[in-house]
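A short write-up of the structure that comes next.
The values are calculated or read from the model by the stated rules, or taken from the named source; none is laboratory data. Keep in mind the model is a prediction, meaning the values are calculated, not measured. Methodologically, a virtual Cβ is constructed for each residue, glycine included, from the backbone with ideal geometry; neighbour enumeration extends over all protein chains shown. To get the accessible areas, we keep the full protein, side chains included, count just its heavy atoms, and leave off ligands, DNA and RNA. Shrake-Rupley method; radii C 1.70, N 1.55, O 1.52, S 1.80 Å.
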Amino acid sequence: MKRAIVIGASSGIGREVATLLLEQGWTLGVAARRVELLNGIGDVQAELIDVTADDAVARLRSLIERLGGMDLFFYASGIGKQNRELTEDIELRTVETNALGFTRMIGEAYRYFAHQGKGHIAAITSIAGTKGLGPAPSYSATKALQNVYLQALEQQARARGLKISFTDIRPGFVDTALLSGDFHYPMMLKPERVARQIVAAINRRQHIRVIDWRYRLLTSLWRRIPRFVWRRIKL
């Protein structure tokens, strides 16, 4: 029996991935801060989890126990917002969710799989971690942290002889509530299409998946831009 837990399944990509995993025969546990929005996903175990709360780890353990174990941990929780004025509250909330919350939950999944001896951790990070983005400082910084944290855990797991797989999923702009507002984002992706590519990457146990091909080209270009040029670009 394949058992998966999806964190951030109340809407957007997380909900779409949860639905696809159910269709593939996974036994599923789902969690979100807005637990009432988990209704309608299907035959699942649901749990209220706020990744920034002190009881988040305890609630995850409870969900794992009710599910009867865990083979796949899929993390889709996160926030992001443009912050050109560097409003303090926006910066700190982003760090609290995308850095501290991410580390808290991914760390617990890693410890569980280390004790179990095997497992698969997949997480949505972002192409925003490729370079520091002036319009969204804390968002791009925390996404870079997520990329590097997963890379570090993958190296550690291999050194310890643990059979833990990692999939770092880096989408471009996706048409979800996260990007709602007056600003028009280019090359917007549909969450249904993104979710299908994510599940395919999970099934293949890919290490890194940038979605889609246009963003693979874009990020490849970004990496080659020297710092003295990058800091002069107006985004």
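How charged is the neighbourhood of V210? Take every other residue with its Cβ under 11 Å from the Cβ of V210, and add Lys/Arg as +1 and Asp/Glu as -1. All intermediate terms of the calculation are to be shown ahead of the outcome.
Numbers: positive: R170, R209, R214, R216; negative: D168, D212.
My count for the surroundings of V210 gives +2.
For the chain, calculate the relative contact order in percent as a whole number, restricting contacts to Cα pairs under 8 Å that are 6 or more residues apart.
About 18 percent, as a whole number.
Answer with one residue from G80, A114, P137: the one whose Cα lies farthest towards the positive end of the charge dipole of segment 77-235, charges on Cβ with Lys, Arg +1 and Asp, Glu -1.
The residue sitting farthest along the positive end of the dipole is A114.
Note down the relative contact order for segment 10-68 as a percent, whole number, built from C-alpha pairs under 8 angstrom at least six residues apart. Mind showing how you got there, number by number?
Working: 66 pairs, mean separation 17.5, N = 59.
Here the relative contact order equals 30 percent.
Which value, in debye to the nearest 20, describes the size of the charge dipole of the chain about its Cα centre when Lys and Arg Cβ atoms bear +1, Asp and Glu Cβ atoms bear -1, and nothing else is charged?
Approximately 1240 debye in magnitude.
Here are labelled values, (1) 62, 41, 40; (2) 54, 46, 29; (3) 53, 41, 33, and one is the computed Cα extents along the principal axes in Å for what I pasted. Which one?
(3)
Which trypsin sites (Lys or Arg not before Pro) in segment 62-95 pass both tests, a DSSP loop state and at most 14 other beta-carbon atoms within 10 Å?
Listed in order of number, the matching sites are R84.
If you count only protein heavy atoms with a 1.4 Å probe, what accessible area per residue comes out for the chain, rounded to a whole Å²? It would help to have the intermediate numbers written out before the result.
Numbers: 12120 Å² over 235 residues.
Each residue of the chain exposes 52 Å² on average to a 1.4 Å probe.
Which one of N98, I124, I41 is farthest out on the positive end of the charge dipole of segment 1-156, using unit charges on Cβ (Lys, Arg +1; Asp, Glu -1) and the Cα centre as origin?
The listed residue farthest towards the positive side: I124.
In whole Å, what is the distance between the alpha-carbon centres of segment 95-164 and segment 36-59?
Their Cα centres are 20 Å away from one another.
Using only DSSP helix segments of four residues or longer, with each worth -39500 (n - 2.57), what per-residue ellipticity at 222 nm results for the chain after dividing by its residue count and rounding to 500?
On the way: 8 runs with 101 residues, N = 235.
About -13500 deg cm²/dmol.
Using modelled amide H (1.01 Å from N, peptide plane; none on Pro or chain starts), what sits under 5 Å from the amide H of V174, excluding residues fewer than 5 places away?
Result for V174 returns L189.
Going down the table (K81/K234; K131/K190; K131/K163; K81/K118), which pairs top 28 Å between alpha carbons?
On the way: K81/K234 17 Å; K131/K190 24 Å; K131/K163 31 Å; K81/K118 35 Å.
Those over the limit are K131/K163; K81/K118.
Can you send over the carbon and sulfur percentage of the accessible area for the chain, probe radius 1.4 Å, protein chains only?
Heavy-atom surface of the chain belonging to carbon and sulfur, 1.4 Å probe: 52 percent.
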